[in-house]
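Peer 1: Please find one structure pasted underneath; my questions will follow.
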Amino acid sequence: MSLCLKTPRQSPKKSKTPPNRRNACTSRLHARHLRLGFVNPRLVPLLDRQIIVQTILWGNANRLVKCAVDEFKAGDDIMQPANVYGHLVVQLAERVGPTGRFELRNVTPIQVARSRKKLARFPHATVLHANAIEPYGRERDGVCCFFLLHEVPDNYKYQVVDNVLAAVRPGGKAVFVDYHQWNRFHPMGPIM
Ligand SMILES: C[S@@+](CC[C@H](N)C(=O)[O-])C[C@H]1O[C@@H](n2cnc3c(N)ncnc32)[C@H](O)[C@@H]1O
């Protein structure tokens, strides 16, 4: 199983819309998308299950989670710029253990509250309310960016990748796991 960095192959297409309006527009789309599955207080508890993540990721979630977690070791100081439903965040906190540090961030308050509950038994884990396009502060041993890039507008993707790379110390690990460009003859292509 490979870890994929889904980066556009070329710089963004030139648009006639001024950058400020373009950013505002993609940010509004992003906000609408977030409201659908990550903000609605009735949906969030239903969706925050590993079986849902397994379904969204076509049965590959557990393998991908294992691949990501295996990149880190006990004692590492790591962060994740946006959480994922299911058990990944708990597994990362368990992996680095009490001698390590795990910082999780999320842009939506309900997800922050949920993650704080999930991670309450790990004193070495902290959850911050923050947007992944804001800088991540100090350098760390690793950053795990799990299925965030496909969620955010293109202008955000560049900032997120820059932030991740800037937050990893020399010799540390930037781990990106995300959908890659599908083969145009793949039967699931139209659904994705
Ligand atoms: C990382 S993606 C993971 C989606 C994946 N399909 C899953 O199984 O959950 C979803 C999370 O990212 C968060 N998120 C989206 N955009 C963000 C941003 N710009 N900064 C921080 N968190 C963000 C959402 O609040 C949500 O909790």
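The values are calculated or read from the model by the stated rules, or taken from the named source; none is laboratory data. The structure presented is a predicted model; accordingly, all values stated were derived computationally and were not measured. Neighbour counts are summed over all protein chains in view; Cβ atoms, including those assigned to glycine, are modelled from backbone coordinates with ideal geometry.
Peer 1: Of these, V168, V160, V164, V152, which one is touching a helix residue (DSSP H, G or I) at 6+ places or on another chain (Cβ under 7 Å) and at pLDDT 95 or above?
Peer 2: Result: V160 is the single residue among V168, V160, V164, V152 that is touching a helix residue (DSSP H, G or I) at 6+ places or on another chain (Cβ under 7 Å) and at pLDDT 95 or above.
Peer 1: Can you name the number of the only condition in (1) under 30 Å from H186 (Cβ atoms); (2) touching a residue at least 40 places away in the same chain (Cβ under 8 Å) that I110 fails?
Peer 2: Unmet condition: (1).
Peer 1: Restricting the search to segment 136-146, which residues are modelled with pLDDT under 95 and either near the ligand (Cβ under 9 Å from one of its atoms) or not small (G, A, S) (or both)?
Peer 2: Hit for segment 136-146 is R138, nothing else.
Peer 1: Only one of V90, V177, V160 is crowded, with 18+ Cβ neighbours inside 10 Å, over 17 Å from V39 (Cα atoms) and more than 9 Å from the ligand (Cβ to nearest atom). Can you tell me which? Give the derivation first.
Peer 2: Working: V90 fails: crowded, with 18+ Cβ neighbours inside 10 Å; V160 fails: more than 9 Å from the ligand (Cβ to nearest atom).
From the options V90, V177, V160, the qualifying one is V177.
Peer 1: I'd like the full set of residues that are within 15 Å of the ligand (Cβ to nearest atom) and in contact with a strand residue (DSSP E or B) (Cβ under 7 Å, 6 or more places away or on another chain), limited to segment 68-87.
Peer 2: Residues satisfying the conditions are A68, M79, Q80, P81, A82, N83, V84.
Peer 1: Taking segment 66-85, which residues are at pLDDT 95 or above and either aliphatic (A, V, I, L, M) or within 12 Å of the chain's Cα centre (by Cα) (or both)?
Peer 2: Answer for segment 66-85, where residues must be at pLDDT 95 or above and either aliphatic (A, V, I, L, M) or within 12 Å of the chain's Cα centre (by Cα) (or both): A68, V69, A74, I78, M79, Q80, P81, A82.
Peer 1: Looking at (1) touching a Gly at 6+ places or on another chain (Cβ under 9 Å); (2) buried (at least 22 other Cβ atoms within 10 Å of the Cβ), can you tell me which one E139 breaks?
Peer 2: (2)
Peer 1: Something else about it: If the requirement is being hydrophobic (A, V, I, L, M, F, W, C), under 18 Å from the mean Cα position of the chain (by Cα) and at pLDDT below 85, which of these qualifies: L88, L36?
Peer 2: It is L36.
So that you can scan it fast, the table gives a plain yes or no per residue for (1) crowded, with 18+ Cβ neighbours inside 10 Å; (2) under 19 Å from P41 (Cβ atoms); (3) within 16 Å of the ligand (Cβ to nearest atom):
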| position | (1), (2), (3) |
| --- | --- |
| N106 | yes, yes, yes |
| I110 | no, yes, yes |
| R114 | yes, yes, yes |
| H129 | no, yes, yes |
| E134 | no, no, yes |
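Peer 1: Can you pull out every residue in segment 57-87 that is acidic (D, E), buried (at least 19 other Cβ atoms within 10 Å of the Cβ) and farther than 19 Å from A132 by Cα?
Peer 2: D76
Peer 1: For segment 116-127: of the residues being closer than 20 Å to A68 by Cα and either among the hydrophobic types (A, V, I, L, M, F, W, C) or in contact (Cβ under 8 Å) with a residue 40 or more places away in the chain (or both), which is surrounded by the fewest Cβ atoms within 10 Å (Cβ to Cβ)?
Peer 2: Across segment 116-127, the extreme among qualifying residues is F122.
Peer 1: Those residues that are under 15 Å from the mean Cα position of the chain (by Cα) and part of a loop (DSSP other than H, G, I, E, B), I need them from segment 140-192; list them, please.
Peer 2: F147, L148, V152, P153, A167, D178, Y179, H180
Peer 1: Applying the selection to segment 86-138, what residues are over 25 Å from G75 (Cβ atoms) and polar (S, T, N, Q)?
Peer 2: T108, Q111, N131 - these are the residues of segment 86-138 that are over 25 Å from G75 (Cβ atoms) and polar (S, T, N, Q).
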